[in-house]
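Trainee: One structure, pasted below without further comment.
The values are calculated or read from the model by the stated rules, or taken from the named source; none is laboratory data. A quick note: this is a predicted structure, and the numbers were derived from the prediction, not measured. Note that we place each Cβ from the backbone using ideal geometry, even for glycine, and neighbour counts take in every protein chain shown. Side chains included, ligands, DNA and RNA excluded: accessible areas come from the protein's heavy atoms. Shrake-Rupley method; radii C 1.70, N 1.55, O 1.52, S 1.80 Å.
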Amino acid sequence: MSNAPPAGRPVLAFTLPGVAYDDDIAVQAFARHLTAAVEAGGGNGRRIVAGMRAFLEGKPDLLPDPPWSVPPATGERAVEHLAVAAGCPPDLVVRARTAARQDLARTAWLLDPADGLSDLLDAAAGRARVVAVADPADPAAVPILDALELTGRVALVAPADLDALSAGSMVLIDATWAPHLARAQANGQRTVLIDRFGAGDGRPDRRTKDLRGAVPDIAAWLEGTAA
């Protein structure tokens, strides 16, 4: 899967869920698979779906006592918290997440690009090499690129490949303060965090609630680097 571009021009790198597209469809599928497994085992999994809706839709009345003290960084993290609170074993959580990603691989055509993605790519045209960062084990990565019409326009790389790219100038965009984001910042690269739910994790160079809010700063950085 790895197709890291050679050293040279600056690199614009971004992860896919929560950055290039809204990941709510996959989060909802994750919650449904967990709920079905809990119900099949004789338990009550409805709090998982209720909690997922409360989080994604901003309706705390659906779950007045969520199992977190601060907002999780993503919908997927919220569902993980709900699964633990429901007593789901780790292997069940892994299976449900995998099933949700497989569902997304089959229905990726439903996805729309995030607001601001087109402007971001326009800003990078002729100024930077663009890479999408995805787990090699994610079955939805390639279908997502196709659905967002990014196939052939961006290179698909694994998170581990980012270290090889960090020798040059790079800006990395993610929806969570993941280890590769922290490493990029430690290596002197620019980091952007799409903090949709206001979790406040990490210390990125730029924090914004959505991709569109980050585009002006990234475009200015690309222009300055090219100059």
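Trainee: Out of all the residues in the range 49-73, which are within 15 Å of residue 32 (Cβ to Cβ) and either in the same structural domain as residue 201 (by the TED database) or open to solvent by less than 90 Å² (accessible area, probe 1.4 Å) (or both)?
Mentor: 49, 50, 51, 52, 55, 56
Trainee: Across the range 75-98, what is the number of residues that are of a type outside the set (A, V, I, L, M) and open to solvent by less than 30 Å² (accessible area, probe 1.4 Å)?
Mentor: Matching residues across the range 75-98 total 2.
Trainee: Kindly provide the set of residues from the range 189-224 that are in a helix (DSSP H, G or I) and farther than 14 Å from residue 172 by Cβ, ordered by number.
Mentor: Answer for the range 189-224, where residues must be in a helix (DSSP H, G or I) and farther than 14 Å from residue 172 by Cβ: 212, 213, 215, 216, 219, 220, 223, 224.
Trainee: Next question, about the same structure. Got a sec? Which of 201, 174 is closer than 30 Å to residue 94 by Cα and open to solvent by 50 Å² or more (accessible area, probe 1.4 Å)?
Mentor: 201
Trainee: For residue 181, are the conditions met, namely being surrounded by 19 or more Cβ atoms within 10 Å (Cβ to Cβ), touching a strand residue (DSSP E or B) at 6+ places or on another chain (Cβ under 6 Å), modelled with pLDDT of 95 or more and not assigned by the TED database to the domain that holds residue 30?
Mentor: Against the criterion (surrounded by 19 or more Cβ atoms within 10 Å (Cβ to Cβ), touching a strand residue (DSSP E or B) at 6+ places or on another chain (Cβ under 6 Å), modelled with pLDDT of 95 or more and not assigned by the TED database to the domain that holds residue 30), residue 181 does not qualify.
Per-residue answers, yes or no, for (1) under 19 Å from the mean Cα position of the chain (by Cα); (2) under 13 Å from residue 131 (Cβ atoms); (3) not hydrophobic (A, V, I, L, M, F, W, C):
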| position | (1), (2), (3) |
| --- | --- |
| 159 | yes, yes, yes |
| 162 | yes, yes, no |
| 184 | yes, yes, no |
| 194 | yes, no, no |
| 199 | yes, no, no |
| 213 | yes, no, yes |
| 218 | yes, no, no |
| 224 | no, no, yes |
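Trainee: Could you identify the single residue in 132, 155, 164 that is in contact (Cβ under 8 Å) with a residue 12 or more places away in the chain and part of a helix (DSSP H, G or I)?
Mentor: Matching residue, one of 132, 155, 164: 164.
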